[in-house]
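Student: Please read through the structure below; I'll follow up with questions.
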Amino acid sequence: NEIVNQIKQVCDEADVDVPHIFTEFGSFTVGESGGAIYKVLYQKQQNDREKWNMINSSFITTLPDSWAISKRFIMLALNRWNEEYERVLLGGLTCDSDDYYNSEQNVNAIYLPKYHKDKPLYIGFFNTGAYQESIGGYGGIQHCLIPAPKHILIDRDVNGAIQTRVFKEQQSSEQMLDILGY
């Protein structure tokens, strides 16, 4: 709205017709509209110094800009904030060596609450834009057969109360087998 209002204001001041506006609505205009939530499944020790928290998805399929153009997003732990933190790196489930968050993995580790097998940790990536799933492919067959995640729409009603609804459930193995013709 702000961009359209600014264009209208400038056109009015210059006494010219308002143009037709065409845009892809990329991260600049709707960056805050998307997010991704992951569960840390397990932690693996890579060497003496590197601990990798492995998520229940793939950065290649759900946040392709994170590996394709080294885009960094706002990332937060969603629970266990008041616990002890540790320096970790984040990896995805695929066998692809590029399936990690942040292309400079040896320099830019992330601090998250310590991993505990019996205490789930959820992390969220925010301001991912409106099209990460378009780049990675919505539905269909994903890289390394990672299922498409559940999509939830979050909005406010006319009174400002937050409303949520499931747009699409997580892709099942049966749906993927059907696409593959089995």
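The values are calculated or read from the model by the stated rules, or taken from the named source; none is laboratory data. This structure is a prediction, so every number in the text was calculated from the model and none was measured. Quick reminder, even Gly has a Cβ in these numbers, built from the backbone with ideal geometry, and neighbours come from all protein chains shown. Keep in mind that these areas ignore ligands, DNA and RNA; they rest on the heavy atoms of the full protein, side chains included. Shrake-Rupley method; radii C 1.70, N 1.55, O 1.52, S 1.80 Å.
Student: If I stretch the segment between residue 86 and residue 161 completely, what's the gain in nm (0.36 nm per residue apart, minus their alpha carbon distance), one decimal?
Tutor: Between residue 86 and residue 161, full extension yields 23.4 nm more.
Student: Send over a whole-number figure in Å² for the accessible area per residue of segment 41-131, probe 1.4 Å.
Tutor: Per residue, segment 41-131 has 55 Å² of solvent-accessible surface.
Student: Ok, one more. Do any trypsin sites (Lys or Arg not before Pro) in segment 48-113 lie in a loop, going by DSSP, with at most 11 other beta-carbon atoms within 10 Å of their beta carbon, and if so which?
Tutor: When the trypsin sites (Lys or Arg not before Pro) of segment 48-113 are filtered for loop state and at most 11 Cβ neighbours within 10 Å, 49 remain.
Student: Give me the percent of the accessible area of segment 1-96 that comes from carbon and sulfur atoms, probe 1.4 Å, all protein chains in place.
Tutor: Heavy-atom surface of segment 1-96 belonging to carbon and sulfur, 1.4 Å probe: 52 percent.
Student: Here is a further query. What accessible area, in Å² to the nearest ten, does a 1.4 Å probe give for residue 95?
Tutor: 120
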